[in-house]
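Below is one structure, written out as structure tokens, with a few remarks after it.
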Amino acid sequence: MTDALEIVLRLVLVLGAFLTLPLLVGQAEHKAMAHMQSRVGPMYAGGFHGWAQLVADGVKFAQKEDIVPAAADRTVFKLAPAVALIPYLLVLIAIPLAPDWVAQELDAGIFFVIAVMGVGVLGSLMAGWASANKFSLLGGLRSAAQLLAYELPFLLAAASVAMAAGTLSLSGIVAAWEPWWLIWQLPGAVVFFVAGLAELQRPPFDMPVADSEIIFGAYTEYTGLRFALFLLAEYAGIVVLSALTTVLFLGGWKGPFDDALWGAVGALWTLAKTFVLSFLVIWLRVSYPRLREDQLQRLAWQGLVPVALVQLALTGVVAVAT
Amino acid sequence: MNVPGAGLAKGLAVTLKTMSRRSVTQHYPDVQPELPPRSRGVIALLAENCTVCMLCARECPDWCIYIDSHKETIPAPPGGRERQRNVLDRFDIDFSLCMYCGICIEVCPFDALFWSPEFEYSELDIRDLTHGKERLGEWMHTVPAPPAHDEHGVRAKEVDAAFKAADGAGPGAVAREQT
């Protein structure tokens, strides 16, 4: 009985994090992006500096009519937002905040996480195919090409850190992590983060939703709540990517000070690192223009994949030598 | 020297620098804007000065000024004769047509029209943008005092003439005055 209660409690906590952290990141994006462009962003919703803007947006989305195009493949069309969103919820279950502060410890955590994150992109493929719209289809195909190109360096970079730690468990990787890995695994960390950005289709890798070319890519035909779910998936993706980079490459709950205070302080460290990385995601979006399709592919195959392979070799050599 | 990635770092620096500065947004409905002098917000009417000469209505490029008047006979003062005077009945400006060229204000020979910086007079119906002389008169109190003359500028001919008439000493006195 207590076991069941504990599982329910853990799942509720994960769900709570899943519903609040993306909104926090979204609000941070609203405000940070505005100030980076010398604007002020939302100012009215909720009274104080527009803190409730995303809540108001959610209410607005919920009120809108849910339209399915006549020629669309209805089932797939309606299923796509859920397919895009739920994988990130599942990934959150496996991410440790601190030692034992994890909803479900998995021995092959890194496998689970990367496999499930790959499913998220299927959502936009389904949306692109099912919308019966040529722009959606183009967006879906671009998503597919981007997924194929960036899944490989993403995986290789994660494999490097797993090799260094000698374990596939996320908690195990953080436990084995030492500060000098920051230098040792730096190329891998950069490749992982950049490839993750590309998988999330965040600017500057937002070819699949390039609004000046193909309206909104795979999401063109979506309205109301389903559209909101896609947006939520994007921000949940930012949280998940930042948290994963934190856990794999930045030492998760380990701070620069006393290790005896693991627990609540460790969780705070994880969250702080995650938010710093989320800010970096926003910052990159504001600073860089969108990559062209051929530039995207060249960056993946001629830039990230070789770097990831070299990192893998380096990790192997150092791991054997020490 | 060309460091690889220098451009990328520069891009990040620009956005971060902008974020650390104050934003340039004007918080208009909360904070009134500081308008420059001679702002053209709305045209105010000082009806007492209007003689119904119709110059403004005739010069208006898009004919947005509507004037009606009637003549009134002023009873003869002792030893005088009766005089007639124009009385303004209607002075409407249709601000849905007005293009804020200011020609009516320029041509008014009796200083009855003025620029006011007041700009908050939007309406929900375009027909309500035709404002009568009462409303135009209300805007008179928002008309700012004319800006002072540039002290280094050339004095108006009229002022020179007035000086000349005042000391009767000829142009030399004026020249002395100016230096």
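Residues of region A:268-320 that are under 17 Å from A:L186 (Cα atoms) and of a type in the set (D, E, K, R): A:K273 alone.
Is at least one residue of region B:50-66 touching a Lys or Arg at 6+ places or on another chain (Cβ under 7 Å), in a strand (DSSP E or B) and either away from every other protein chain (no Cβ under 14 Å) or modelled with pLDDT of 90 or more (or both)? Checked against the condition, which is being touching a Lys or Arg at 6+ places or on another chain (Cβ under 7 Å), in a strand (DSSP E or B) and either away from every other protein chain (no Cβ under 14 Å) or modelled with pLDDT of 90 or more (or both), region B:50-66 yields at least one hit.
Can B:S96 be described as assigned to a loop (DSSP other than H, G, I, E, B) and within 16 Å of B:V143 (Cβ to Cβ)? Steps first, answer last, please.
On the way: assigned to a loop (DSSP other than H, G, I, E, B): yes; within 16 Å of B:V143 (Cβ to Cβ): no.
For B:S96, the condition - assigned to a loop (DSSP other than H, G, I, E, B) and within 16 Å of B:V143 (Cβ to Cβ) - is not met.
If the condition is being surrounded by fewer than 14 Cβ atoms within 10 Å (Cβ to Cβ) and not in a loop (DSSP other than H, G, I, E, B), then region B:82-93 contributes B:R83, B:Q84, B:R85, B:V87, B:D89, B:R90.
If I ask for residues that are charged (D, E, K, R), touching a residue at least 60 places away in the same chain (Cβ under 8 Å) and surrounded by 14 or more Cβ atoms within 10 Å (Cβ to Cβ), which ones from region A:45-82 would you list? Before you say what the answer is, go through the steps one by one.
Taking region A:45-82 and keeping what is charged (D, E, K, R), we get A:57, A:60, A:64-66, A:73-74, A:78.
Checking which are touching a residue at least 60 places away in the same chain (Cβ under 8 Å) leaves us with A:57, A:64-66, A:78.
Passing the criteria: A:D57, A:K78.
Among the candidates A:L168, A:L156, A:L182, A:L152, which residue alone is part of a loop (DSSP other than H, G, I, E, B), in contact (Cβ under 8 Å) with a residue 40 or more places away in the chain and over 21 Å from A:E234 (Cβ atoms)?
A:L168
The set of residues in region A:128-178 that are charged (D, E, K, R) and crowded, with 22+ Cβ neighbours inside 10 Å contains only A:R142.
Only one of (1) in contact with a helix residue (DSSP H, G or I) (Cβ under 9 Å, 6 or more places away or on another chain); (2) surrounded by 11 or more Cβ atoms within 10 Å (Cβ to Cβ); (3) not aliphatic (A, V, I, L, M) is not met by B:D111, so which one is it? Single failed check for B:D111: (2).
Consider A:L85 carefully, then state whether it is under 30 Å from A:M126 (Cβ atoms), aliphatic (A, V, I, L, M), under 23 Å from the mean Cα position of the chain (by Cα) and buried (at least 17 other Cβ atoms within 10 Å of the Cβ). Yes; evaluated as a whole, the condition is true for this residue. Going by the structure shown, is A:R290 in a helix (DSSP H, G or I), of a type in the set (D, E, K, R), under 30 Å from A:E213 (Cα atoms) and under 23 Å from the mean Cα position of the chain (by Cα)? Criteria not met by A:R290.
Would you check if B:S69 is more than 14 Å from chain A (Cβ to nearest Cβ), closer than 22 Å to B:G137 by Cα and not in a strand (DSSP E or B)? The answer is no for B:S69.
For residues that are surrounded by 15 or more Cβ atoms within 10 Å (Cβ to Cβ), in contact with a strand residue (DSSP E or B) (Cβ under 7 Å, 6 or more places away or on another chain) and of a type outside the set (A, V, I, L, M), tally how many sit in region B:99-108. The total comes to 1. Could you say whether any residue in region B:13-32 is over 30 Å from A:A32 (Cα atoms), exposed (fewer than 15 other Cβ atoms within 10 Å of the Cβ) and away from chain A (no Cβ under 14 Å)? No, there is no match, as no residue in region B:13-32 is over 30 Å from A:A32 (Cα atoms), exposed (fewer than 15 other Cβ atoms within 10 Å of the Cβ) and away from chain A (no Cβ under 14 Å).
The test for being aliphatic (A, V, I, L, M), closer than 21 Å to A:L200 by Cβ and within 12 Å of chain B (Cβ to nearest Cβ) does not hold for A:A17. From the list A:L296, A:L284, A:L314, the one residue that fits, being within 14 Å of chain B (Cβ to nearest Cβ), buried (at least 16 other Cβ atoms within 10 Å of the Cβ), assigned to a helix (DSSP H, G or I) and in contact with a helix residue (DSSP H, G or I) (Cβ under 9 Å, 6 or more places away or on another chain), is A:L284.
A:A32 meets all of the listed conditions (1) out of contact with any Ser or Thr (no Cβ under 8 Å at 6 or more places or on another chain); (2) within 14 Å of another protein chain (Cβ to nearest Cβ); (3) farther than 29 Å from A:E199 by Cα; (4) aliphatic (A, V, I, L, M) but one, namely (3). On inspection, A:E213 fails the criterion of being in a loop (DSSP other than H, G, I, E, B) and closer than 28 Å to A:I67 by Cβ.
Based on what the data block shows, is A:E105 assigned to a loop (DSSP other than H, G, I, E, B) and modelled with pLDDT of 85 or more?
No.
Scoring A:R39 on the criteria (1) farther than 30 Å from A:T167 by Cα; (2) in contact (Cβ under 8 Å) with a residue 12 or more places away in the chain leaves a single failure, condition (2).
Within region B:99-116, the set of residues being under 21 Å from B:E48 (Cα atoms) and assigned to a loop (DSSP other than H, G, I, E, B) comprises B:G102, B:C108, B:P109, B:F110, B:D111, B:A112.
Against the numbered list (1) more than 21 Å from A:A228 (Cβ to Cβ); (2) more than 14 Å from every other protein chain (Cβ to nearest Cβ), A:Q37 comes up short only at (2).
The values are calculated or read from the model by the stated rules, or taken from the named source; none is laboratory data. Computed from a predicted structure; not experimentally measured. A quick note on method: Cβ atoms are made from the backbone with ideal geometry, for glycine too, and the neighbour counts reach across all protein chains shown.
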